[in-house]
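Reading through the C-alpha cells given below for one structure.
The values are calculated or read from the model by the stated rules, or taken from the named source; none is laboratory data. Not measured: the values here are computed from a predicted model. No Cβ is skipped: glycine too gets one built from the backbone with ideal geometry, and neighbour counts run over all protein chains shown. With ligands, DNA and RNA removed, areas are computed over all heavy atoms of the protein, side chains included. Shrake-Rupley method; radii C 1.70, N 1.55, O 1.52, S 1.80 Å.
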Amino acid sequence: MREELHDRVRVFLADHDPATTERTQFLRARYDAGLAWVHFPIGLGGLGLDQALQPEVDRLFREAGAPDNRPGANTIGLGMAGPTILAYGTDAQKDRFLRPLWTAEEIWCQLFSEPGAGSDLANVATRAVRDGDEWVVNGQKVWTSGAHNARFAILVARTDPGLPKHHGLTYFLCDMTDPGVDVRPLRQITGEAEFNEVFLTDVRIPDDQRLGEVGEGWKVANATLNNERVSIGKAADRESGMVGVVARTWRERPELRTPELHDRLLRLWVDAEVARLTGARLRQKLSLGQPGPEGSAMKLSFARIAQQLSGLELELLGEEGLRYSDWTLVRPANVDFTGRDAGYRYLRAKGNSIEGGTSEILRNIVAERVLGLPGEHRVDKDIPWKESAK
Amino acid sequence: MSDLDLLHSETEEDLRASVRALLGDHCDPVAVTRMYDGDRFAVDGLWKALTDLGLPGLLVPEERGGQGASAREAAVVLEELGRTVAPVPFLTSAVIATTVLLESDSDLLAAVAGGERTAVLLVPWSIAATDDLPRIRSDDGVLTGTVTSVAGALEADLLLVPVASGDGLAVHAVDASDAGVTPLVSLDMTRQLADVVLDGAVGTLVLDDAAHAVRRAIDAGAALLASEQVGIARWCLETTLAHVKVRKQFGRPIGGFQAIKHRLADLYTGVESATAAARYAAATLAEGDPDATIATSTAQAFNADLAVLAAEEALQLHAGIGMTWEHPVHLYLKRAKADQIALGRSGQHRARLATLIGLPG
Ligand SMILES: Cc1cc2nc3c(=O)[nH]c(=O)nc-3n(C[C@H](O)[C@H](O)[C@H](O)COP(=O)(O)OP(=O)(O)OC[C@H]3O[C@@H](n4cnc5c(N)ncnc54)[C@H](O)[C@@H]3O)c2cc1C
C-alpha cells in the first residue's frame, strides 16, 4: 500500500514539476489525483486510504518543493469545515466546496460563538428564518478567527426558538461576501486582530447551503468540534511545535541555562514527547471513522504544555523576555502558534485553553462522554429556548 | 520512529484475556494483603499457573525453549500484573534476568524459560542503567560481597551475580541456597526485597564482558515497568470511577461534582498518555529500534509519577475507605511508590534524556 502510494506521488511529481507548474494549477491537480487528503473518498481529493498514510504523502510533496495549501491560513477550513462537509454534505455540496477549500482558493471561518453563547454554544441566538428557497439570517457572532480573510463560513443559527435549545439549531454554509455580512476587527492580547466580530443583517442563505437537516445543527456542530479538537496540536515529529522552539533556544544559548530551568525544560520535553505519542496513538485508533470525544483529552494536554513551555521560554530569555516585538494592530492572514517572538508565543498560547472549547468544558466532556460521570446540573435543557433565562 | 504500532493487536488482546482470567482465579486482593502480615504463601499457585501459560519463557526464542514472543506481549502481561499488583517474579526473572541470559549460550536459559528455575539479576531494585553496577569480588570463582534491596531474590533459586573481572564485569550464576538471603520489611510487600550476602559461594561463569548486557537488561526492565505502571494507573482510575458513580453525598453521586469530574478527566488524560508512552517503549524494544533508550527514559520519566498520582488520587477520592487496610488501594499506592524508585527515579531518567536528546544542563 505504502509502496503504491509512493509510486503515485512520484508519477504525479513527474507530470507536474513543482518548479514550473503554477501554484493553483498544481494544487488542483494534486486534489484531482486523490493526493490531497488520502483518506477522503476517490473523486473528493482522496483515495479512501488509511489516514495514517497522510504525513508520508505530505512529506514527499514537501521534499519535492511542492507548494503547500497554506494550512496556517485555513485551519478552520481544513480541520473543521472539510471533514464536516464530507460527513454531512450532499453530493452537490461536496463537489462545490471541497476542492477550493483544500487548494486554499477559498478560506473558511467558523461563525459559532456569540456574546451570549461561548462555552454554552447551544445557546446561540442568531436567527435563521425560512423564506421560500432561502433563509434570512440576523444576529451577531464574536471571536471569529480569520473572518477578514474568509470566503465562506460554517454557521450555527437558531431556526426554532420554540424548541429546547439543542433542538432548534441548524447548520449553514454562509457566503462571507453576501450583503449583510459585516466583519469588524477585534484587537487581542497580542496586539493584532486575529479574530473579529461579525454582524449578520438580513443575510440570505440558499437552502442548498444548509448542511444536515433542519434542527440537526447541534449534532453537526459536534462533529465539527470533535474534528477541531483532534486537529489542534497535531504534531507528527519529535520536537515539532513549541517544544522545538524552546529546545532550539536552549541549545543555541548556553549562557542562559540554569539547573532549575533545566529540570523544568526536561519535564516539559517528556510531556511534549508523550503527548506526541498519545496523538499518534489516537490517530492510529481513529484512522478509520470520525473522531469522538477522546480528542478532547489531547487538546487539554496540548494547551497545558504549550502554555508552560512558552512561559518557560520567557523566563529563560530573562532580560530579553522583557521586550516585545511589535504591538501594531495588524490583521494577520496566518495563525502561527510558534511564529514571531517569545512574547507573542507566550500571549498567544493563552488562547489554547480557550479556543475550540475551554479546558474546563473539555474536562466536562471527557468526564461525561468518555468516563460516563453524571452530567452538569442543567436548568434549561428541556424548556423551549425562548423561555429560558438569558 | 513514527510508524510503530501503538495499539494492541488481537493476539495481544487474547494473551491479555488469558492472563486476566488466570489472575482472577489466583490473585485475590485479600490474599495479596496478607503478604504484609508475613504470609508469603497467600497466593501460592499463582506463579505456577502463570508458568503453565508459558510466561517465564515469553521472551525466549522457541529454539531455546521459550515462547518466541516479543517485548510487546511482555508489556501486555505486565499491564495485567500491574492491575492486580500480582506478587510474581515475572519482571525480575522473565524479563531482566532473562535478558542477560539471552546474551549467553548457557542452558540455564532453557531452565528459566521452562519455569524449572527462577532467576534474578543481583542488583538493587533502585538501580538505574546509568548507575555504577554493584560488583561482587571473585577469587578463582569463589564469590564474596553483599547486594542490598534486591527484588525477586526471595523467589529466585538462581542468582545472576555481576562480578568484578579485571576492569570489566562478568556475570556468574550461583545457586540461591549457597547465598544468605535476608527478607526485608519492604514498602511494597507484593514485591518484597531482600539483602543478599555471598560468602564463599561458588559461581559458574555465564557471561564475560557483561557490562553492556547488564545495562540492557536493566533498561528492558525499565521499559516494561512502564506497562506495569499503566496497569496500576488504569486499575486506580477504573476503580475510582466505579466508586464515584455510586457513592452519594449531598443527595447525589460524588462523581457529579465538577471538582471531582475534572480531576478524573485529567487522570484519564494522564493514563492515556502513559499508555502511549509504554506502548512506544515496548514497541522500540521489540523492534530493536535505535530509539529504544530515549523511549525507555521518556516512559519512565512520565509513567512512574503518573502511576503514583493515580494511586494518590484513588486514595483521596475514596477518602475514609481508601485509608483502610480492607480496601486494596493501599496495595497499589505502595507498589506505585516503590515502582517510582525502581530502576531509576524519574529525575534520573530525565537526566539521562538530557544527554540522549542533546539538552545539556
Ligand atoms: C484565540 C481565539 C480564537 C477563537 N476563534 C473562534 C472562531 O473562529 N469561531 C468561534 O466561533 N469561536 C472562536 N473562539 C471562541 C471560543 O470558542 C470561546 O471563547 C470559548 O468557547 C469560551 O467562551 P467564552 O469566551 O464566551 O467564555 P465563557 O463561556 O464565558 O467562559 C468563562 C469561564 O467560565 C468557564 N466556564 C463556563 N462554563 C463552565 C462550566 N459549565 N463549567 C466550568 N467552567 C465553565 C470557562 O471555562 C471559562 O473559564 C475563539 C476564542 C479564542 C480565544
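Taking 7 Å steps out from each Cα toward its Cβ at A:Asp202 and A:Val11 produces label points 5.5 nm apart. Kirkwood radius, the protein assembly as shown, all distinct C-alpha pairs, inverse of mean reciprocal distance: 28.6 Å.
A dipole drawn for segment B:80-201 from +1 and -1 charges on Cβ atoms has a positive end, and of B:Thr98, B:Gly141, B:Ala173 the residue lying farthest that way is B:Thr98. Shown here are the Rg and Dmax of the Cα trace of segment B:200-298, at 20.7, 69 Å. Placing +1 on each Lys and Arg Cβ and -1 on each Asp and Glu Cβ, with no other charges, gives segment A:68-113 a dipole about its Cα centre of roughly 60 debye.
The heavy atoms of A:Glu320 present about 80 square angstrom of accessible area, all protein chains included, probe 1.4 Å. Kirkwood's formula applied to the C-alpha pairs of segment A:84-234 gives a hydrodynamic radius of 15.6 angstrom.
As a calculated quantity, the FRET efficiency between A:Asp341 and A:Asn138 at R0 = 35 Å, using C-beta atoms, amounts to about 0.25. With 0.36 nm allotted per residue and the present C-alpha distance subtracted, the A:Ile383-A:Asp50 stretch has 115.6 nm of extension available.
Global dimensions of segment A:274-331 from alpha-carbon coordinates: Rg and Dmax equal 17.1, 49 Å. Sites listed here are trypsin sites (Lys or Arg not before Pro) in segment A:1-70 whose DSSP assignment is loop and whose Cβ has at most 14 other Cβ atoms within 10 Å, and the list is empty. FRET efficiency for the B:Asp52 to B:Phe257 pair, using the beta carbon distance and R₀ = 45 Å, is estimated at 0.45.
Segment A:126-160 and segment B:15-76 have Cα centres spaced 61 Å apart. Sorting A:Ser353, B:Ser297 by solvent-accessible area of protein heavy atoms yields A:Ser353, B:Ser297, largest first, with a 1.4 Å probe. Against the main long axis of the alpha-carbon atoms of chain B, helix B:292-318 sits at an angle near 40°.
Largest mean-square fluctuation among A:Pro259, A:Pro293, A:Pro206, in a Gaussian network model of chain A whose springs join Cα atoms under 10 Å apart, belongs to A:Pro259. When the alpha carbon gyration tensor of chain B is reduced to an equivalent ellipsoid, the three semi-axes, largest first, read 34, 22, 19 Å.
Counting only lysines at least 8 places from A:Lys381 when in the same chain, those with an alpha carbon closer than 24 Å to its own are A:Lys141, A:Lys165, A:Lys219, A:Lys390, B:Lys245, B:Lys248, B:Lys261. Reported to the nearest whole Å, the Cα centre-to-centre distance from segment B:303-331 to segment B:183-262 is 13.
The modelled label-to-label distance between A:Ile354 and A:Glu105, using points 7 Å beyond Cα along the C-beta direction, is 3.6 nm.
About its Cα centre, what dipole magnitude does chain B give when the only charges are +1 on Lys and Arg Cβ and -1 on Asp and Glu Cβ, stated in debye to the nearest 20?
Dipole of chain B, to the nearest 20 debye: 1800 debye.
Neighbours of A:Glu376 by Cβ distance under 15 Å: Lys/Arg scored +1, Asp/Glu scored -1, total +2.
Where the only charges are on Cβ atoms (+1 Lys, Arg; -1 Asp, Glu), what is the dipole of the protein assembly as shown about its Cα centre, to the nearest 20 debye?
The calculated dipole for the protein assembly as shown is roughly 2540 debye.
Both radii come from the Cα set of segment B:76-230: Rg as radius of gyration, Rh as Kirkwood radius; their ratio Rg/Rh reads 0.94. Long hydrophobic helices in chain A, taken as whole DSSP H segments with a C-alpha length of 15 Å or more on their own axis and mean Kyte-Doolittle hydropathy at least -0.5: A:242-252, A:295-317. In chain B, the longest principal axis of the Cα atoms and the axis of helix B:329-341 are about 50 degrees apart. The calculated FRET efficiency for A:Asn334 paired with A:Ile42, based on their beta-carbon distance and R0 = 30 Å, is about 0.45.
Each peptide among B:334-343, A:47-56 gets the average number of other Cβ atoms lying within 10 Å of its residues, and from highest to lowest they stand as B:334-343, A:47-56.
All Cα-Cα separations within chain A were binned at 20 Å from zero, giving a P(r) of 25, 57, 17, 0, each value a whole percent of the pairs. Stretched out straight at 0.36 nm per residue, the stretch from B:Val185 to B:Asp139 would grow longer than its current Cα-Cα span by 13.3 nm. Helix B:211-246 and the long axis of chain B differ in direction by around 20°, with both axes built from C-alpha atoms. Only one residue of A:Gln284, B:Met189, A:Gln93 has its Cα farthest out toward the positive end of the dipole of the protein assembly as shown, where Lys and Arg carry +1 and Asp and Glu -1 on Cβ, and that residue is A:Gln93. A crude spin-label estimate for the pair B:Ala21 and B:Thr148, with each label 7 Å from Cα along the Cβ direction, gives 4.6 nm.
Between A:Asn352, A:Phe302, A:Gly375, the Cα set farthest toward the positive side of the dipole of segment A:298-390 (charges on each charged residue's Cβ, about the Cα centre) is that of A:Gly375.
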